[in-house]
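To start, the structure itself, in structure tokens.
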Amino acid sequence: TDLFNGKDFTGWVSVLPNPTTQPATPPEKVWAIHDGLLTCTGKPNGYLRTENSYTHYKLTVEWRFTKAGNTGVLVHINPNPANTPLDKVWPMCIECQGAHSHQGDFWIWSGAKVNEPMKSKNGVIMTTPSAEKPVGEWNTFQVTCNDNTVTITVNGTEMNKVTGANIQSGQIGIQSEGAALEVRKVTIEPLSP
């Protein structure tokens, strides 16, 4: 199933910093669609998230940087703590890192937990160099969410995995985090039981 239709933002919600703490930025200054591509300026930090929640799936994003920088895919976006607004930067979720040369790391946010030991504050760092392509070339970034396990695969190479996640469903997000990028495909497929 295509989550991005190449024409408009149907099914997506833009989440940007709280305007009481930073100057408000209209979503159209961050996200746009040109010639079937979703484009992101990378500033300010925020994300574009799905309206629907998902569980037990494989997500595929085809993206490329126009200049080396940072982005990521957020999975299992949930409100934290209970009864607080869903949309904050950064929400309770598991970030599948998309930063240049780090596609395959994880960042665990706002109360999410996994079994693997954390490094660099809240990161689970891959042990091999990223399989991403040079800046300007398209990458196929896949995230498999299977019960309490999340796996990142970059261009066909499994890069990293976390297990024992305390969240197993939620919205999916694409980060705006400092880098201009283009996305040509976002698809989701349910995993076989």
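The values are calculated or read from the model by the stated rules, or taken from the named source; none is laboratory data. All of these numbers come straight from a predicted model, not from anything done at the bench. Backbone-built Cβ (ideal geometry, glycine too); neighbour counts: all protein chains shown. Accessible surface is based on the protein model in full, side chains and every heavy atom, while ligands, DNA and RNA are left aside. Shrake-Rupley method; radii C 1.70, N 1.55, O 1.52, S 1.80 Å.
Details
- In terms of distances greater than 19 angstrom between alpha carbons, the cross-link table entries K7/K185; K113/K161; K67/K88 yield K67/K88.
- Accessible carbon and sulfur surface of the stretch 28-131 relative to its total accessible area, %, 1.4 Å: 52
- If the segment from T157 to T128 were pulled out straight at 0.36 nm per residue, it would be longer than the present Cα-Cα gap by 9.4 nm.
- With DNA, RNA and ligands ignored, accessible area of D2 (1.4 Å probe; Å², nearest 10): 110
- Stretch in the chain that is longest and holds no GluC sites (Glu not before Pro) that DSSP places in a loop and that have at most 14 other beta carbons within 10 Å: 52-136
- Normalised per residue, the volume of the convex hull around the Cα set of the chain (Å³): 117
- Accessible area per residue for the chain is 47 Å², calculated with a 1.4 Å probe on protein heavy atoms, without ligands, DNA or RNA.
- Per-residue surface analysis assigns S53 an accessible area of about 70 Å², computed on protein heavy atoms at 1.4 Å probe radius.
- Global form of the stretch 85-193, assessed from the alpha-carbon gyration tensor, a/c cut-off 1.5: rounded
- Applying both filters, DSSP loop and at most 16 other Cβ atoms within 10 Å, to the trypsin sites (Lys or Arg not before Pro) of the stretch 1-76 gives K7, K67.
- Computed accessible area, W90, all protein chains, 1.4 angstrom probe, square angstrom: 30
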